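Q: Please see the structure below; I have some questions.
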Amino acid sequence: MTYAITGLDPQPFAPLFALDDAGLAAAGARRVTATADRGFPCRISLEDAREGEALILRHHVSHDVATPFRSAYAIYVRPGVAAARFVDTLPPVFEGRTLALRAFDVDGMLRTARLAGPSEADAAIRDLFADAAISYIDAHNAAHGCFAARIERDAA
């Protein structure tokens, strides 16, 4: 079994970087500057921003389904980065973080969930996908609850 973790498409976020603070506020977003090399995880590149880098903090619907499990929370995105893709390996943004792995079926209904401590995510993902009813997994940072990335079965 193989899996893929892909960062968010940067295109929907691109217009935000041209907005002033009032425009961002109207869009429910804010411009922030990373104050450390860790703690500002970009959901496009799946890497933490470096100290001094600019980001946009905004509300994001990560699980856009017509079920009770529709989910949204704040995420960070950086300008000028491409959507990362990791196959059978974990992105840097997962390193050292405890993750809540939420496993969904094809209809967007939660089937099961698992906490994965640092260095446990790969095994937990593979174990969850051992159930054929699991279509995809949404990873969230356990402490803050924010969406980290979507994990899908990889056909390759």
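Q: With the cut-off at 1.5 for a/c, could you classify region 1-83 from its C-alpha gyration tensor as rounded, prolate or oblate? Intermediate values should be presented prior to the final figure.
A: Working: a/c = 1.86, a/b = 1.20, b/c = 1.55.
Taking the square roots of the gyration eigenvalues as a ≥ b ≥ c, region 1-83 is oblate.
Q: Which value, in Å³ per residue, describes the convex hull spanned by the Cα atoms of region 32-77? Present the calculation step by step, with values, prior to reporting the outcome.
A: Working: hull volume 3.0 nm³, N = 46.
Once divided by residue count, the hull of region 32-77 is 66 Å³.
Q: Answer with a single label: of [x] 0.97; [y] 0.94; [z] 1.05, which was calculated as Rg/Rh (Cα atoms, Kirkwood Rh) from the structure in view?
A: So the calculated entry is the one marked [x].
Q: Oh, and also: Let me check against my output: what whole-number percent is the relative contact order of the chain, with C-alpha pairs under 8 Å and at least 6 apart? Intermediate values should be presented prior to the final figure.
A: Details: 341 pairs, mean separation 40.1, N = 156.
Taking the mean separation of contacting Cα pairs over the length of the chain, I get 26 percent.
Q: Something else now. In nm, give the distance between the simple-model label positions of A14 and R126, each being 7 Å from the Cα along the Cα-to-Cβ direction.
A: So the label points at A14 and R126 sit 3.8 nm apart.
Q: When the Karplus curve 6.51 cos²θ - 1.76 cosθ + 1.60 is applied with θ = phi - 60°, which whole-Hz ³J(HN,Hα) does each residue of region 68-85 get, with x for Gly and Pro?
A: Going residue by residue, I get x, 9, 4, 9, 8, 6, 6, 9, 9, 9, 10, x, x, 10, 8, 5, 6, 9 Hz, with x marking Gly and Pro.
Q: Based on alpha-carbon centroids, what's the gap between region 125-156 and region 53-68 in Å, whole number please?
A: Measuring centre to centre over Cα atoms gives 16 Å.
Q: OK, next. Only helical DSSP H runs with n ≥ 4 go in: add -39500 (n - 2.57) per run for the chain, normalise by residue count and round the 222 nm mean residue ellipticity to 500 deg cm²/dmol. Present the calculation step by step, with values, prior to reporting the outcome.
A: On the way: 2 runs with 15 residues, N = 156.
That calculation yields -2500 deg cm²/dmol at 222 nm.
Q: Once the Cα atoms of region 80-144 are picked out, what are the Rg and Dmax in Å?
A: Cα only, region 80-144: 12.2, 37 Å (Rg, Dmax).
Q: Want the number for T35 to L110: 0.36 nm per residue separation, take away the alpha-carbon distance, what's left? Can you show the working numbers first?
A: Numbers: separation 75, 0.36 × 75 = 27.00 nm, distance 3.55 nm.
Difference between extended and current length: 23.5 nm.
Q: A further question on this structure: Please identify every one of the GluC sites (Glu not before Pro) in region 73-156 that sits in a loop by DSSP and has no more than 15 other beta carbons within 10 Å of its own beta carbon. If you can, show how the numbers build up before the last one.
A: Working: sites: E95, E120, E152; in loops: E95, E120.
Filter output for region 73-156: E95, E120.
Read-outs throughout are calculated quantities, based only on the coordinates presented, and are distinct from any laboratory measurement. Quantities reported herein were computed from a predicted structural model and do not represent experimental measurements. Note that we place each Cβ from the backbone using ideal geometry, even for glycine, and neighbour counts take in every protein chain shown.
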